[in-house]
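To keep things clear, I will list the structure first and then write my remarks on it.
Taken together, the values in this text are just the output of simple stated rules run on the coordinates, not laboratory data. These figures come from a predicted structure and were not determined experimentally. All Cβ positions, glycine included, derive from the backbone under ideal geometry; neighbour counts span all protein chains shown.
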Amino acid sequence: MFSGRALPHPGHMDGQDRLGYEQRLALELAAIGQRLTTISTEMREHSGSVAAAATAVAEVVTPPPAPAAPVSVPVQAPPPAQAAPQPVPPPAQPAGQPPNLWVQRQFPQQPAQFPQQQPWPAPQPRETLFEKLGKDGAGAKLLAWVGGAITVLGVVLLLVLAVQRGWLGPLPRVLGGAVFSGALIGIGAWLHRNPANRVGAFALVFTGFAGLYLDVIAATSLYEYFPEGVGLGLGLAVAAAGVVLAMRWNSQALAVTVVTACAVCAPAVTQGFNVLLAAFLLVLMAASTPVHLHRNWPGLAIAGSLPAILGSLTATLNTIPRDFEASVGVIAATTTAVGIIVALLTVRKRPEDAVTVALVAGSALPALFATTLMDRTSASILAGGVAAVLLAIWMIPDLPRGFTTAAGATGMLALLQTTVIALDGNARTAIVLAEAILLAVLAARLGKKSALAGSLAFGLVGFLMAISTAVPIRWLLEEPRYATGASPGDYAAGLVTAVVLGIFAVVAPWAALKLRVLSEPAKHPFPWVVSGLVALYGAAGAVLSAALLVSPDETGFLFGHTVVTVSWTIAALFLLVKGIGNKALRISGLVLVGAAVLKLVLFDLSALDGVARVLAFLGAGLVLLTAGTRYAKLVATATKTP
């Protein structure tokens with residue numbers, strides 16, 4: 001820092017020397033100040049780079065969390081106008097020099113500060129039943145709710161016993177039950193004002209509403225004081241008041257217990273499962289739906305919907321020994337319509353609600369079950385309407401996949417039921433296979449794997465129906481003189497069915513390949529072999545049906561089998577020629593050649609006779625010779641071509 005020259009002591013200088021000494025000293029001090037300014041600037045720049053590096057390291061490398069959850073202390077950031085002071089690092093110490101004590105005092109070593117990581121909160125373990133029962137106040141809640149349930153059962157038993165023993169009269173029973181239930185509701189509302197009494201208030205209120213609802217059912221079904229329409233309206237008002245009060249008190253448990261108690265005890269008052277009971281259970285579903293939509297209470301949705309569906313199914317089942325009643329079909333159709341509407345409204349409001357999947361599938365059961373007891377026209381209309389609605393919901397693009405899949409599967413089931421009910425004979429088989437083709441095309445166009453699953457299901461049902469009735473195996477194996485019961489109309493229907501079956505055997509794997517559900521035949525040949533066998537059966541059935549339609553005797557049978565054998569051979573030649581550059585087609589052609597040879601040896605040689613046998617062997621042999629010669633030439637040409 002200094003110039004290196006030793007300055008003389010001021011006491012040994014004269015005036016002029018002293019002046020020179022002071023000037024040199026001033027110059028040295030100015031040089032020292034300039035050097036200190038430069039060092040300060042360099043230290044600030046170095047401090048900024050060190051702070052940036054520490055921040056980057058803290059972002060990339062985080063320390064492991066401590067064993068115990070640390071208590072996070074909020075750190076208040078400095079005001080925007082004031083920058084946080086940056087620590088100044090000490091100047092570099094030259095190698096080989098002793099440590100500078102002044103530097104250590106001015107720049108003490110501090111450990112690097114990293115931002116403390118906040119650990120994820122540990123998941124809270126779910127309470128077991130014993131832990132819930134061991135809580136303070138759990139015994140009081142249990143006693144209150146169990147007491148309410150027993151009281152409701154006591155009211156039901158009292159109503160039944162009063163009817164059996166003839167106690168009082170019908171009117172005093174109805175009025176007494178209404179007064180008693182109203183008193184319970186009033187006392188519960190009064191107790192609810194005190195938070196300490198709310199457990200008992202909930203139990204009293206649910207008991208009162210359940211008793212009042214049962215009193216309305218008894219006045220309608222047992223004593224016939226109210227017409228059925230008026231009784232259903234009063235029941236709707238009572239149930240709606242109970243669930244609305246539960247909504248105001250924000251208690252899903254109260255709403256669920258009110259609806260459940262009404263549904264469970266109602267059959268004892270109506271003396272069995274009948275149409276009126278199904279109507280009252282449907283009223284509970286209608287009363288609970290608005291509250292469920294408003295508060296997202298899945299338990300209330302289940303408590304309101306499940307009894308209505310089961311009640312309609314049981315009412316339909318109870319009419320089997322007797323003549324079918326139109327009211328059963330009406331209540332079944334209404335239950336299905338209300339259930340589908342509720343499911344659609346719920347999924348529109350809350351797409352993540354899993355209850356809607358079960359609701360849209362289960363709501364269709366009452367109508368579909370009721371169709372089994374109706375006449376053909378009414379059953380076809382009802383099942384077709386359910387199928388149309390559910391398939392329309394299945395096509396809506398912005399609904400959750402699980403919901404639309406459930407709607408589509410149930411809709412396809414309703415469509416199959418409609419086809420089976422509306423049609424009969426061989427036409428039914430052809431239509432089922434045509435529906436399978438339509439579903440396969442929709443699956444490929446819309447990218448819906450559920451449609452492909454439905455297509456395969458329809459195709460399996462149609463194939464079983466075809467080989468049993470429409471195109472039976474005996475037509476391919478037995479001569480007409482041994483096969484009885486077939487008419488020209490049956491052969492015509494068999495021709496159409498066999499053609500549709502062959503088309504399905506081609507369209508279904510195409511759709512599966514387009515959806516990437518099925519890979520190429522060279523990788524997974526089994527599904528392609530199955531579809532090829534189905535296609536061969538359809539083609540053979542079409543040829544035999546056409547031949548028997550023209551000549552329903554031995555001549556038509558023999559001619560048809562000859563054409564089948566030759567046509568298989570020609571088709572194999574076509575596939576081999578097209579498969580020179582396509583491995584899948586080449587393998588299919590070779591398999592078809594093998595099938596034709598097996599048919600010649602195993603069937604044609606023994607079943608055919610005379611000219612038919614000669615024509616089959618000559619035709620197949622000449623085609624195979626021509627195919628072999630031509631195919632070898634084509635393969636050689638393709639191999640030489642670069």
Given the Cα-Cα distance of ALA388 and SER327 and 0.36 nm per residue of separation, how much length would full extension add, in nm? 19.7 nm
Within-15-Å neighbourhood charge of ALA301 [Cβ basis; K, R +1; D, E -1]: +2
So the FRET efficiency between ILE187 and ARG295, C-beta based with R0 = 30 Å and rounded to 0.05, is 0.75
